[in-house]
Amino acid sequence: MARVKLSMEDMALIASFDRITGASAVDVIRDDDGERIIFVVRPKQLGKAIGRGGANVKAAADAFGRTIDVVEMAETAEEFVKSALAPARVEDVKIIVHRDGNRVASVTVKTEDRGIAIGRDGRNVARARLLARRHFDLSNVVIA
């Protein structure tokens, strides 16, 4: 797992998110292309971050003026990729190491969830790629 460096601005965002939701975030990414902020929360904190009926994540979105995505941290790259692609039902994740050393996550999802995994304009798979590169040094995430 890669060590992530956070700026003072990132730490301030995390502190605000923690205060609003009551969940402990470990990372934040401002995705300006997707006009969203992605928070990575500690394991078993996803429900708290989202809140009953989505109340906490809605409050955070109102406070930050952007869409909020929340992903749960995991110990392994495979579990983290699954988490990053939620709510799509992932059947399998294989980490493939190419000859040039690049590591790629090949993901199999339930056929009916393929669109959810990819997301509108590829947003969900792009989120998974960004997070997998940042936390587990994977060069790509491919929906097989």
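For the stretch 113-123, which positions are touching a helix residue (DSSP H, G or I) at 6+ places or on another chain (Cβ under 8 Å) and surrounded by fewer than 17 Cβ atoms within 10 Å (Cβ to Cβ)? Let's see the steps before the verdict.
Restricting attention to the stretch 113-123, the residues satisfying the condition of being touching a helix residue (DSSP H, G or I) at 6+ places or on another chain (Cβ under 8 Å) are 116-119.
Passing the criteria: Ile116, Gly119.
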**Request:** Would you please list the contacts, defined by Cβ atoms under 6 Å and residues six or more apart or on different chains, that run from a residue in the stretch 69-97 that is touching a residue at least 40 places away in the same chain (Cβ under 8 Å) to a residue that is of a type in the set (Ser, Thr, Tyr)?
**Result:** Val71/Ser83
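Residue-wise test of (1) farther than 27 Å from Gly54 by Cα; (2) outside the structural domain of Val28 (by TED's automatic domain parsing); (3) touching a strand residue (DSSP E or B) at 6+ places or on another chain (Cβ under 7 Å); (4) among the β-branched types (Val, Ile, Thr).
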| site | (1), (2), (3), (4) |
| --- | --- |
| Leu85 | no, yes, yes, no |
| Val93 | yes, yes, yes, yes |
| Arg99 | yes, yes, no, no |
| Ser106 | yes, yes, yes, no |
| Val125 | no, yes, yes, yes |
**Request:** Check Ala77 against each of (1) surrounded by fewer than 15 Cβ atoms within 10 Å (Cβ to Cβ); (2) within 20 Å of Ser139 (Cα to Cα) and name the one condition it does not meet.
**Result:** (1)
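Out of all the residues in the stretch 105-112, is one or more aliphatic (A, V, I, L, M), crowded, with 16+ Cβ neighbours inside 10 Å and within 17 Å of Val28 (Cα to Cα)? Write out each step before concluding.
If we filter the stretch 105-112 for residues that are aliphatic (A, V, I, L, M), which is where we start, we get 105, 107, 109.
Within this subset, residues satisfying the condition of being crowded, with 16+ Cβ neighbours inside 10 Å are 105, 107, 109.
Going one step further and asking which of them are within 17 Å of Val28 (Cα to Cα), we end up with none.
No: zero hits.
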**Asked** Just one of the numbered conditions (1) within 23 Å of Ser7 (Cα to Cα); (2) touching a Phe, Trp or Tyr at 6+ places or on another chain (Cβ under 6 Å) is not true of Arg36; which one?
**Response** (2)
**Item:** Lys48 closer than 30 Å to Ser106 by Cβ, surrounded by fewer than 19 Cβ atoms within 10 Å (Cβ to Cβ) and not assigned by TED's automatic domain parsing to the domain that holds Arg134
**Value:** no
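Quick check on my filter: what residues within the stretch 95-104 are surrounded by 12 or more Cβ atoms within 10 Å (Cβ to Cβ) and part of a strand (DSSP E or B)?
Passing the criteria: Ile95, Ile96, Arg103, Val104.
Of Ala61, Ala126, Ala88, which residue is surrounded by 16 or more Cβ atoms within 10 Å (Cβ to Cβ), more than 22 Å from Lys5 (Cβ to Cβ) and modelled with pLDDT under 95? Break it down stepwise before answering.
Details: Ala61 fails: modelled with pLDDT under 95; Ala126 fails: more than 22 Å from Lys5 (Cβ to Cβ).
After applying the criteria, what remains is Ala88.
The values are calculated or read from the model by the stated rules, or taken from the named source; none is laboratory data. Note that the structure is predicted; figures quoted are calculated from it, not measured. So basically every Cβ, Gly included, is an ideal-geometry build from the backbone, and we count neighbours across all protein chains shown.
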